[in-house]
């Protein structure tokens, strides 16, 4: 039997999923599209009906506000992003918006007006699925997005970002205006998109930090040769070098263990035919860690390994680091609140890091920020198969509710 | 200063290269095309002018014959294939035809009629560049080609093999007819297509065997996962497995050393994006050796290694062997003739194997067969950059000439 929270959650998720319901599967709700506008309008109306005061900022982030009775200028914000990837799931992003609405609504029903202002945020964009830009929503709230970042970019159909924004009824933030100083805390509830909670049979993850990421493209330049007539000793085999490097990097990553992860996601070989010793090989390397020092140490070690392997196999190597983002720790005080409330209310949880990027990593640079995770079945996300059980969805909302109570209702 | 043999060779090679001279570079002379017909007709006419009796067989192999005075029914054949790959070089194939004509012409000028019949062959096809079929020329002479092998195949423009053949004026061999029993020896002169002779600064290679080949497609089935949220311990990373296998296979191949060669020419990863742990990886494996027992031993060892690696990384593997050709030894008596003549005439040579396939591997199953190589600059072939110096071209022709003398003029 589902309890009321579970039933309400499922109902609201199904309701919101109709905006962008994709005949090819899942939800496709890309920034500033018709489906996106419909979803924000529907959320706006729903929040109004539930007694929230709603408004948009210039770029289209939607807010729903319950004014604080004692400290109206101290705001506790919760929410997530309303956009999805193409053929995404029903939970990534929108669950955090629905959860914030449900938590605040329940608190007001049970406890009346909060002491501090409570505010839902439905961020315009996080995924970077339509335009080559990510975190447009939270970066605008945090004052980190710049006009010039998006002024020249277009979507896959050649529609300029600026035109899409205007079409949806929004415009640029006034970069000369003062940023909000009222936000005292941001708490984001999101699906884990990994399988750690599922493996450990826990309902909730309290996120202590979001990993830093470094991304590389490694190119190996050897010499293409005939696969039959070139003795092993005469070869400059780019794939032999790539194979050895990949093996070394991923073996070392296994030895490092959590929280380090390292991925070789892409390999391209030239000429890529069965009977030619490959002259060129390219692969990508994605390295993540919660500790910048460890991220650097691992990077240095694998760089050294790759150079030595290239030398020993007589090939040239170029290593291009094209992403270098620092780890982002969550706010210690809010983490304590989240842990305390989970313990107090017997919600099975663990302290963990996030291996994926979230709006919280932007918000954390702006205001005290923390995150909660709920399990993802088989770790699947960005896919119509994305799923979290009603029990876990409800446990996440309960944890959020108790935390928001402590943050907004306690003196 | 070039001597007469060098000058004549270069002139004939340039002359024959005009048939299929490709504006995009090199020579493109695919089976039964207009360029191919022109080349065969030109060779036919040239041989007639030089006093050879010429004829085609049913499928379009061209022969030029100098009748033996004493043993007319004992025929010594030399030649190679007239077709090229697309944008191929000026030496692969046609050099062996020109060399045979020049050698036989020189022998008759110097020594008159041979005791045994001498015959040039210009094989219709070896490369498999137009249709998915190789060795069409030699397989027909050796009675190994079957109508049904080509009856359904088409070229890249959808032209059926049979139509192209008829268009060029040829048809199928009568499979019920008796095969030739007059051929006592076949000697093929060909470019090495490798860099062994160049590295060792030798003019000629006497081929003792053509490698056996095994080709495999290896597919690894792991699990696609988020590159950030999936701890190393939870992964079933197809690329980690592929990297380790490739490293093990190619390290082992280096340890085996000559004449074993092993090549991973092709890798395809799915989904092949930077931030997803790859769920699937496919790679090809090409293994060659002159000794079947060693070919099997290496195959067994790498199969065992791959299975163990798959097991230790928790992925599934399928290993598909789709080519298994035995090594082909050349005829010991003709090898002796070739070695003896090179020694006697101070042509710097070495006994070596062929790592590439040649018409000789077909002919060797039919008649006593041997091969000579000349160096390829940097080992390059199947490319407009293919080059052999005039000195080496001439040394190859001299070695062939002396050998044909011994085979056709000595009692």
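Would you mind computing, in nm to one decimal, how far apart the modelled labels at residue B:57 and residue A:385 are, each placed 7 Å from Cα along Cα→Cβ?
Reported label-point gap for residue B:57 and residue A:385 is 5.5 nm.
What residue among A:331, A:275, A:383 shows peak mean-square fluctuation when chain A is described by a Gaussian network model with Cα springs under 10 Å?
A:275
Beyond 16 Å, what percent of the Cα pairs of the range B:351-411 remain? The partial results should precede the final answer.
On the way: 1106 of 1830 pairs.
Result for the distance tail: 60 percent.
Cα-Cα pairs above 27 Å in chain B: how many percent?
Details: 46392 of 84255 pairs.
That fraction is 55 percent.
So the label point sits 7 Å from Cα along the Cα-to-Cβ vector; using that for residue A:333, what distances do you get to the other copies, in nanometres, sorted shortest first?
The projected label point of residue A:333 is separated from its counterparts by 10.0 nm.
In nm, to one decimal, how far is the modelled label at residue A:113 from the one at residue A:153, with both set 7 Å along Cα→Cβ?
Simple spin-label model gives 4.1 nm for this pair.
By how many nm would the segment from residue A:333 to residue A:258 grow when fully extended, if each residue of separation counts as 0.36 nm and the alpha-carbon distance is taken off? The partial results should precede the final answer.
Details: separation 75, 0.36 × 75 = 27.00 nm, distance 2.42 nm.
Length difference between fully extended and current span is 24.6 nm.
Compute the angle between helix B:332-344 and the longest alpha-carbon principal axis of chain B, please, reported from 0 to 90 degrees and rounded to the nearest 10.
Relative to chain B, helix B:332-344 is tipped by roughly 70 degrees.
How big is the range A:319-398 in terms of Cα radius of gyration and Dmax, in angstroms?
Every Cα atom of the range A:319-398 included, Rg and Dmax give 15.1, 50 Å.
Sorted from shortest, what are the nm distances separating the label point of residue B:179 from equivalent points in the other copies, each placed 7 Å from Cα along Cα to C-beta?
Label-point distances to the other copies, shortest first: 8.4 nm.
Quick one: go through the range B:114-129 and flag any residue whose amide nitrogen is under 19 Å from the point 7 Å out along the Cα-to-Cβ line of residue B:365.
Under cut-off, by backbone N: B:123-129.
Evaluate E = 1/(1 + (r/R0)^6) for residue A:411 and residue B:270, where r is the Cβ-Cβ distance and R0 equals 51 Å; express this FRET efficiency to the nearest 0.05. Intermediate results must be reported in sequence, preceding the final value.
Values: r = 56 Å, r/R0 = 1.10.
Result of the calculation: an efficiency of 0.35.
Taking 2.2 N^0.38 Å as the expected size of a compact globular protein, what ratio does the Cα radius of gyration of the protein assembly as shown give against it, to two decimals?
On the way: Rg = 36.3 Å, N = 822, 2.2 N^0.38 = 28.2 Å.
My calculation over the Cα atoms of the protein assembly as shown gives 1.29.
Could you work out how far the C-alpha centroid of the range B:39-81 sits from that of the range A:126-192, in angstrom?
One Cα centre to the other: 78 Å.
Name the most mobile residue of B:362, B:249, B:191, meaning the one with the largest mean-square fluctuation, in a Gaussian network model of chain B with Cα contacts below 10 Å.
Of the options given, B:249 has the highest mean-square fluctuation.
Where does the range B:52-128 land on Rg(C-alpha)/(2.2 N^0.38 Å)?
Values: Rg = 13.4 Å, N = 77, 2.2 N^0.38 = 11.5 Å.
Its radius of gyration relative to the 2.2 N^0.38 Å reference: 1.17.
Note down the nm distance, to one decimal, between modelled labels 7 Å out along Cα→Cβ at residue A:42 and at residue A:162.
A separation of 3.2 nm, rounded to one decimal place.
Could you bin all the Cα-Cα distances of the range A:212-325 into 5 Å bins starting at 0 and give me the percent of pairs in each, rounded to whole numbers?
Histogramming the range A:212-325 at 5 Å steps yields 2, 12, 23, 22, 16, 11, 7, 4, 2, 0 percent.
Between residue A:133 and residue B:146, what FRET efficiency follows from the Cβ-Cβ distance if R0 is 51 Å, with the result rounded to 0.05?
Values: r = 61 Å, r/R0 = 1.20.
Efficiency, from the Cβ-Cβ distance: 0.25.
Using only Cα atoms, find the angle between the long axis of helix B:34-49 and the longest principal axis of chain B, and express it within 0 to 90 degrees, rounded to the nearest 10.
So the inclination is approximately 30 degrees.
Using Cα atoms only, what is the angle between the long axis of helix A:238-256 and the major principal axis of chain A, expressed in degrees (0 to 90) to the nearest 10?
Helix A:238-256 sits at roughly 40 degrees to that axis.
Where the centre of each part is set by its Cα atoms, how far does the range B:305-365 sit from the range A:216-250, in angstrom?
Centre-to-centre (Cα) distance: 22 Å.
Just to check, using Stokes-Einstein with a Kirkwood Rh over alpha carbon pairs, what's the diffusion coefficient of the range A:4-59 at 4 °C and 1.567 mPa s in µm²/s?
On the way: Rh = 12.5 Å.
The calculation lands on 104 µm²/s.
Using only helices, what value at 222 nm comes out for the protein assembly as shown when you add -39,500 (n - 2.57) per DSSP H run of length 4 or more and divide by the total residues, to the nearest 500 deg cm²/dmol? Each step should come with its number before you reach the end.
Working: 24 runs with 296 residues, N = 822.
Dividing the helical sum by the residues of the protein assembly as shown leaves -11500 deg cm²/dmol.
Find how many whole Å separate the alpha carbon centroid of the range B:366-411 from the alpha carbon centroid of the range B:84-106.
Here the answer is 9 Å between Cα centres.
Listing B:146, B:236 from the residue with the fewest other Cβ atoms within 10 Å to the one with the most, what is the order?
Details: B:146 13, B:236 20.
Ranked by crowding around the Cβ, least crowded first: B:146, B:236.
If I take R0 = 45 Å and measure r between the Cβ atoms of residue B:296 and residue A:351 in this structure, what FRET efficiency does the formula 1/(1 + (r/R0)^6) give, to the nearest 0.05?
Working: r = 55 Å, r/R0 = 1.23.
Between residue B:296 and residue A:351 the formula returns 0.20.
Each reported figure results from applying straightforward, stated rules to the coordinates on display, with no laboratory input. Everything numeric in this text was worked out from a predicted model, so none of it was measured. Methodologically, a virtual Cβ is constructed for each residue, glycine included, from the backbone with ideal geometry; neighbour enumeration extends over all protein chains shown.
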